[in-house]
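Before we start, here is the structure in question, set down as structure tokens.
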Amino acid sequence: MKKILALALVLTMIVALAAVGGTAYAAAPKYTITAALHTTAGGIEEQTVQRFGELLSEATNGDVVVETFGGAALGTEAENLTQIKSGEVEFVLFGDVFLSQLLQDYNATSIPFVFGDIDSAVGYWESISDTVNQICKDDGNMYIVGRQYRAPRQLTASKAIETPADLNGVKLRVPETTFYLKVWGGLGAITTPVNWSEVFTALQTHVVDAQENPIETYYAAGLCEVQSHTMLTSHINTFYTWAVNCDFYDSLPEEYQKAFDECAAQALKECNDGLMERQDAIVEKMVAEGHTIIEVDKDAWREAAMDSIIECADTLAPIARDAVYAQLGIEPKA
């Protein structure tokens, strides 16, 4: 009995000291979301997911927290695709590899020089959302949470590349997707897939001479230190896809699912609304730092790539192929 009383007294003293000292002992979260990002650590992608985490923690009084791992700390995008399916991670930010591997039959927006703006690209995916959502659930064990818009992808190099002819023989880093490889190869580039986390070194050591990405993405990664020119090809207008593991999401109480959806939508809206303003500010910085921005004839680039574009389109499901043809002004096939 004395031991019990002594233990009770000790516990009482600890609580009292904590109160006097102002120390708060927060309860452990009920749910932890591991978020895997293959993109540059600290970039806008990670900032936006962290913003989502802040909103969600606040909305659930700390019961649901998001632990964000950027810079491919948990693996490449292809590895993240396997991880979310198995439930090893609960949340992933996906780019082009996700579209080309899980949704390859419908991946019209990953063909360069087809969709001229983000609205037309998003509109296409929304038009087939029922099909896409079912594939993601059945084959990937994931739900699509939302889309984080990206500025147009631009070509960068250590020299001016004003016309498709100037690209001949240039060693170009592209994501490891069939359409990128086929179209850029058809334009004369020597296409070389390199993991995003290794691109800076590859450019610095001349393993590759050029790369293509949205301005916001490659500036944050410091690529302007090893690339002197940006060609405004705007050849791809696309987005990152946010996805959550089905089993995890379904395990959340209904009120937490609602908070999850609302907080994700708010974080994405904040990011998407400021997209072009952020890009314009970065372009000003790049020019001030001595980087050269080159306007190109986009129609000439599209025309030069046309055979490769059509070859890619003809591998897609009919509805996706016809969407590409519509963007090109070509009559659909019977």
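The values are calculated or read from the model by the stated rules, or taken from the named source; none is laboratory data. Model, not experiment: these values are computed from the prediction. Virtual Cβ from ideal backbone geometry, glycine too; neighbours counted across all protein chains shown.
So, of the residues in the range 284-329 that are of a type in the set (K, R) and out of contact with any Phe, Trp or Tyr (no Cβ under 6 Å at 6 or more places or on another chain), which turns out to be surrounded by the most Cβ atoms within 10 Å (Cβ to Cβ)?
R321
Answer with yes or no whether D166 is more than 19 Å from the chain's Cα centre (by Cα), at negative phi and exposed (fewer than 15 other Cβ atoms within 10 Å of the Cβ).
no
Could you tell me which residue of the range 313-334 is nearest to G116 (Cα to Cα), considering only residues that are among the β-branched types (V, I, T) and assigned to a helix (DSSP H, G or I)?
Let us first name the residues in the range 313-334 that are among the β-branched types (V, I, T), namely 315, 319, 324, 330.
Next cut, assigned to a helix (DSSP H, G or I) only: 319, 324.
Values: I319: 19, V324: 11 Å.
Only one residue tops the list, namely V324.
Could you please tell me which pairs satisfy a Cβ distance under 6 Å, a separation of 6+ or placement on different chains, a first residue in the range 194-205 that is at pLDDT below 95, and a second residue that is crowded, with 18+ Cβ neighbours inside 10 Å?
As it stands, the answer is V194/R173; V194/A202; S197/A72, since those pairs meet every condition given.
Right, here's the next one. Search the range 255-269 for residues that are assigned by TED's automatic domain parsing to the domain that holds S57 and pair each with any residue that is surrounded by fewer than 22 Cβ atoms within 10 Å (Cβ to Cβ) and basic (K, R) when their beta-carbon atoms are under 6 Å apart and the residues are at least 6 apart or on different chains.
Every condition considered, the pairs that remain are A267/R51.
In the range 39-65, which residue that is of a type outside the set (S, T, N, Q) and within 14 Å of the chain's Cα centre (by Cα) is surrounded by the fewest Cβ atoms within 10 Å (Cβ to Cβ)?
G42
Output the residues belonging to the range 66-95 that are of a type in the set (D, E), assigned to a helix (DSSP H, G or I) and surrounded by fewer than 23 Cβ atoms within 10 Å (Cβ to Cβ). If you could, list the steps in order and put the result at the bottom.
We begin by selecting, within the range 66-95, every residue of a type in the set (D, E); these are 67, 77, 79, 88, 90.
In the following step, the residues that additionally are assigned to a helix (DSSP H, G or I) were identified as 77, 79.
The one that is of a type in the set (D, E), assigned to a helix (DSSP H, G or I) and surrounded by fewer than 23 Cβ atoms within 10 Å (Cβ to Cβ): E79.
Here is a further query. At pLDDT 95 or above, in contact with a helix residue (DSSP H, G or I) (Cβ under 8 Å, 6 or more places away or on another chain) and among the charged types (D, E, K, R): which single residue out of D209, D250 fits that description? Step through it out loud before you land on a result.
Numbers: D250 fails: in contact with a helix residue (DSSP H, G or I) (Cβ under 8 Å, 6 or more places away or on another chain).
Selected residue: D209, the only one of D209, D250 that is at pLDDT 95 or above, in contact with a helix residue (DSSP H, G or I) (Cβ under 8 Å, 6 or more places away or on another chain) and among the charged types (D, E, K, R).
Of all residues in the range 271-289 being without any contact (Cβ under 8 Å) to a residue 24 or more places away in the chain and not in a loop (DSSP other than H, G, I, E, B), which is farthest from G222 (Cα to Cα)?
D273
Taking S234 as the residue in question, decide whether it is of a type in the set (S, T, Y), within 19 Å of F113 (Cβ to Cβ) and at pLDDT 95 or above. Give the steps one after another, and end with the answer.
Values: of a type in the set (S, T, Y): yes; within 19 Å of F113 (Cβ to Cβ): yes; at pLDDT 95 or above: yes.
Yes.
From the residues in the range 230-271 that are surrounded by fewer than 18 Cβ atoms within 10 Å (Cβ to Cβ) and of a type outside the set (D, E), which one is nearest to L103 (Cα to Cα)?
A265
Going by what's in this entry, would K137 be described as surrounded by fewer than 17 Cβ atoms within 10 Å (Cβ to Cβ), on the phi < 0 side of the Ramachandran plot and part of a helix (DSSP H, G or I)?
Working: surrounded by fewer than 17 Cβ atoms within 10 Å (Cβ to Cβ): yes; on the phi < 0 side of the Ramachandran plot: yes; part of a helix (DSSP H, G or I): yes.
In short, yes.
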